1. If a residue must be touching a strand residue (DSSP E or B) at 6+ places or on another chain (Cβ under 6 Å) and surrounded by fewer than 19 Cβ atoms within 10 Å (Cβ to Cβ), how many such residues does the range 175-186 contain?
2. Provide a single number: the residues in the range 27-50 that are in contact with a strand residue (DSSP E or B) (Cβ under 6 Å, 6 or more places away or on another chain) and in a helix (DSSP H, G or I).
3. Counting only residues that are among the acidic types (Asp, Glu) and in a helix (DSSP H, G or I), which one in the range 104-129 is modelled with the lowest pLDDT?
4. If I ask for residues that are closer than 21 Å to Pro220 by Cα and either modelled with pLDDT of 85 or more or among the basic types (Lys, Arg) (or both), which ones from the range 141-150 would you list?
5. From the list Arg147, Arg183, which residue is in contact (Cβ under 8 Å) with a residue 40 or more places away in the chain, under 24 Å from Ile76 (Cβ atoms) and of a type in the set (D, E, K, R)?
6. Can Asp61 be described as out of contact with any helix residue (DSSP H, G or I) (no Cβ under 6 Å at 6 or more places or on another chain), surrounded by fewer than 21 Cβ atoms within 10 Å (Cβ to Cβ) and modelled with pLDDT under 85?
7. Which condition from (1) farther than 21 Å from Asp99 by Cβ; (2) without any contact (Cβ under 8 Å) to a residue 12 or more places away in the chain is the one that Gln37 breaks?
8. Do you know which of the residues in the range 64-79 that are hydrophobic (A, V, I, L, M, F, W, C) and part of a helix (DSSP H, G or I) is modelled with the lowest pLDDT?
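The values are calculated or read from the model by the stated rules, or taken from the named source; none is laboratory data. Small disclaimer: the values here were computed from a predicted structure and weren't measured. Note that each Cβ is placed from the backbone with ideal geometry, even for glycine, and that neighbours are counted across all protein chains shown.
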Amino acid sequence: MSNAKILCIDDCEVTLLIVKEYLQKEGFDIFAVSNIQAADEIMNSNQIDLIVLDLMMPDTDGMTVLRQYRATHGNIPVIMLSGRGDDIDKIIGIEAGADDYIAKPFQPRELSARIKAVLRRVQSDTANDYGQARVDKILLDKWIIDREQYQVFSRDGESADLTTGEYMVLEKLVLAKNKAQSRDILFALLHDYDMDTSDRAVDIKITRIRSKLSDDSRDPRYIKTIRNVGYMFIGAVE
């Protein structure tokens, strides 16, 4: 966990200075920037392990940045910072995909503890992700999820013809096997990958995924509807 590369994005220079000095003493490699352009340059030239991201930025908002980085850099862990401590802001941040949320003002020690906790959780999830550090293919009965090609194929090599949005929803559900995913979480995911962002977008994607994988909603083998919440993947995986 030491020497993990942390990118801190905050428009407050004082916050950046305090955070950088403290986290460096904790053994982290810190990149501290005050704008998204500088953050983009660092993201494109370094393997960042975790992002500490201010919700309110002068050139954009943290939610947009989070979604953009998730779209371009995968499920990189993100801790959201905000000067607003309202519960609704925390809920929005988490549902948008943030791994944790800290309200300002905060103690650097608390941030360090949160970073270590998220990194431990990510490392644990990765180690237990179907038995190896990273799997490029996940088997679901007759289907193979190819995480390099962002597609699903039958064992005979026939494509299920999932759109990118459909694939991302399915992968999200599979990687969170037996854990319900709310419609809001899935909708936030679609925001980055699909032109359809209507209120019914998630339900429509689920219907199409079920149809393409021959999954009956009345007796599901893969995707179960969780009433008033969203959906959960219940299928067996290898």
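1. Residues that pass the stated criteria total 3.
2. The number of residues fulfilling the criteria is 2.
3. Residue satisfying both the conditions and the ranking: Asp125.
4. Filtering the range 141-150 for residues closer than 21 Å to Pro220 by Cα gives 141-145.
Listed by number, the residues that qualify are Lys142, Trp143, Ile144, Ile145.
5. Arg183
6. Numbers: out of contact with any helix residue (DSSP H, G or I) (no Cβ under 6 Å at 6 or more places or on another chain): yes; surrounded by fewer than 21 Cβ atoms within 10 Å (Cβ to Cβ): yes; modelled with pLDDT under 85: yes.
When the stated conditions are applied, Asp61 passes them.
7. (2)
8. The extreme case among them is Ala71.
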